[in-house]
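Notes for the one structure printed next.
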Amino acid sequence: MKESFDVLIVGIGGQGVILTSNVLGEGCLIEGRSVRAAETHGMAQRGGSVECHVRIDGQFGPLIPAGTADLMIAFDLLEALRYRHFLAPGGKMILNDHIVVPTSVYTRKLEIPTRESILEALSGSDLTAIDAGGIAEEAGNVLARNIVMIGAASSLIPLKEESLLGAVRRNVPEKTVEINIRAFELGREAFDGQG
């Protein structure tokens, strides 16, 4: 029987994927729980794919085996499509309803899937798509979209809300704490509003 709760966080370099995993890890530490985490990224500084594995109460290593993630937090629809094979049957996805068009599309004249075709390909999964960028702007800064995503996923993560908020406070610059707390709250409201 699987003991850990496994969260895969995916996106593009610069979207705050690693900070998001740090917040989840810090939330575990606040509660005195075991956490295993790993990040893999290619040319993240150039908009490359980034993935972070976070195993809450994990005991056997940081990488989530394909087909076993309980939750995927995807900052980009294309990245959700790329990593969907990690999701366990019955797993849930929180998606930022946004597509970052890779540079290679322009240089090699490639065709990217449409939003509708991506959502259709993911339709067998339990997913919730939110406009994290728009919600972050409402909170006061579009860069807080990663905290919006944590807020949206917070009711699915087996950590107390106050632990996650404490972790946000510890991991964001002091001058942005208020905006990020608001982003978390608005993200949670957006998810609850779709339930």
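Annotation: residue 95 fulfils all but one of (1) surrounded by 15 or more Cβ atoms within 10 Å (Cβ to Cβ); (2) modelled with pLDDT of 95 or more; (3) in a helix (DSSP H, G or I); (4) of a type outside the set (Lys, Arg); the unmet one is (3).
Only a single item in (1) buried (at least 21 other Cβ atoms within 10 Å of the Cβ); (2) in contact (Cβ under 8 Å) with a residue 40 or more places away in the chain; (3) part of a helix (DSSP H, G or I); (4) out of contact with any strand residue (DSSP E or B) (no Cβ under 6 Å at 6 or more places or on another chain) is not met by residue 157, and it is number (3). Filtered by the rule that a residue be aliphatic (A, V, I, L, M) and not in a helix (DSSP H, G or I), the stretch 160-177 gives a lone residue, 172.
In the stretch 39-65, of all residues being surrounded by fewer than 22 Cβ atoms within 10 Å (Cβ to Cβ) and touching a helix residue (DSSP H, G or I) at 6+ places or on another chain (Cβ under 9 Å), the one that is modelled with the lowest pLDDT corresponds to 44.
Restricting 152, 144, 136, 132 to those that are surrounded by 22 or more Cβ atoms within 10 Å (Cβ to Cβ), under 20 Å from residue 12 (Cβ atoms) and without any contact (Cβ under 8 Å) to a residue 40 or more places away in the chain reduces the list to 144.
The values are calculated or read from the model by the stated rules, or taken from the named source; none is laboratory data. On a predicted model such as this, the values are computed, not experimentally measured, just so you know. Here the Cβ is made from the backbone with ideal geometry for all residues, glycine too, and neighbour counts use every protein chain on show.
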